[in-house]
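The values are calculated or read from the model by the stated rules, or taken from the named source; none is laboratory data. Just so it is clear, the model here is predicted, and its values are computed rather than measured. Cβ placement follows ideal geometry from the backbone for every residue including glycine, while neighbour counts extend to all protein chains displayed. Note: accessible area is taken over every heavy atom of the protein model, side chains too, but ligands, DNA and RNA are not part of it. Shrake-Rupley method; radii C 1.70, N 1.55, O 1.52, S 1.80 Å.
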Amino acid sequence: MSHTETFFAAAAQICNSISFVSIEALASELDRLRERGGRLFLIGVGGSAGNCSHAVNDFRKLCGIEAYSPVDNVSELTARTNDEGWDTVFAVWLELSRLNEKDAILVYSVGGGDAERNISANIVKAVDLAKERSAKVLGIVGRDSGYTARHGDVVVLIPQVNPSWVTPLSEAFQAVVWHCLVSHPALQRRQTKW
């Protein structure tokens with residue numbers, strides 16, 4: 001088989017083995033968030049940060065959910081990184097945004113953070129802050145051993161079908177899952193143009 005055939009076979013395997021129950025639970029939680037007037041804060045780094053920006057648009061425009069991401073303000077993000085450190089950029093931003101019990105964070109991450117190994121400490125600190133403030137912790141991640149998967153309220157795990165492609169498949173399926181959510185009858189309020 002060619003690389004392309006193998007890659008798409010792996011994607012098909014994920015489609016067949018991902019937890020539909022978890023995705024439905026995430027849809028229900030987002031519906032409850034909107035009903036209680038809560039805000040959705042999306043956080044991620046690397047390719048997942050890019051996914052956050054796109055998803056903010058979709059949740060706002062298609063679902064009428066008040067959504068934001070700290071990665072969309074590169075000036076503040078880099079100033080805080082320079083002055084205060086990378087590990088606190090999300091938590092400080094969420095504090096300033098008055099994160100509270102009506103709100104939720106949605107983590108897009110391959111690993112989901114690891115406090116012991118100091119990986120994605122900014123995600124770990126954001127999850128901790130959300131828990132302290134009784135905000136919901138939601139996630140779409142690629143590792144069940146990560147901080148988000150272990151401490152989140154509703155987390156969709158992208159099944160790992162090929163250890164060489166954890167990052168590309170996890171980040172690709174973040175998009176597949178959020179597009180499923182924004183087109184979900186329980187969430188979608190406005191139709192897409194096409």
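Of the two radii for segment 6-104, the radius of gyration is 1.05 times the Kirkwood radius, both from the alpha carbons; that is the Rg over Rh value.
Helices in the chain, meaning DSSP H runs of at least 4 residues, each add -39500 (n - 2.57). Divided by all residues, the mean residue ellipticity at 222 nm is -16500 deg cm²/dmol. Our analysis of segment 88-189 gives Rg over Rh at 0.99, with the two radii drawn from alpha carbon positions and Rh computed by the Kirkwood formula. What does the C-alpha gyration tensor say about the overall shape of segment 62-104? Classify as rounded when a/c is under 1.5, otherwise prolate if a/b is larger than b/c, or oblate. Note, shape of segment 62-104 comes out oblate. Working from label points 7 Å from Cα in the Cα-to-Cβ sense, the ASN162 to ARG117 distance is 2.1 nm. Positive contributions from Lys and Arg (+1) and negative ones from Asp and Glu (-1), summed over other residues with Cβ under 11 Å from the Cβ of VAL154, come out at -1.
As I understand it, the dipole of the chain uses +1 on the Cβ of Lys and Arg and -1 on the Cβ of Asp and Glu, about the Cα centre. Which of VAL177, LEU42, PHE59 lies farthest toward its positive end? Positive-most Cα among the choices belongs to PHE59.
Ranked by the mean number of other Cβ atoms within 10 Å per residue, highest first, peptides 185-193, 85-93, 14-22 order as 85-93, 14-22, 185-193. Each Lys and Arg adds +1 at its Cβ and each Asp and Glu adds -1 at its Cβ; summed about the Cα centre, the chain shows a dipole of about 560 debye. Hydrodynamic radius of segment 50-121 by the Kirkwood approach over all distinct alpha-carbon pairs: 13.5 Å.
Rounded to the nearest 5, the antiparallel percentage of DSSP beta bridges internal to the chain is 5%.
Count Lys and Arg as plus one, Asp and Glu as minus one, and take only other residues whose Cβ is under 12 Å from that of SER22; the net charge is then -4. Ranking PRO159, ILE140, VAL127 by Cα position along the charge dipole of segment 64-160, where only Lys, Arg, Asp and Glu carry charges on their C-beta atoms, puts PRO159 farthest toward the positive end. Taking the chain on its own, what percent of its Cα-Cα pair distances exceed 23 Å? Summing the P(r) of the chain above 23 Å gives 40 percent of all pairs. Using a 1.4 Å probe on the protein heavy atoms, what percent of the accessible area of segment 1-114 belongs to carbon and sulfur? The computed percentage sits at 55.
Per residue, the accessible area of the chain comes to 48 Å², computed with a 1.4 Å probe over protein heavy atoms only. Segment 122-136 and segment 1-31 have Cα centres lying 27 Å from one another.
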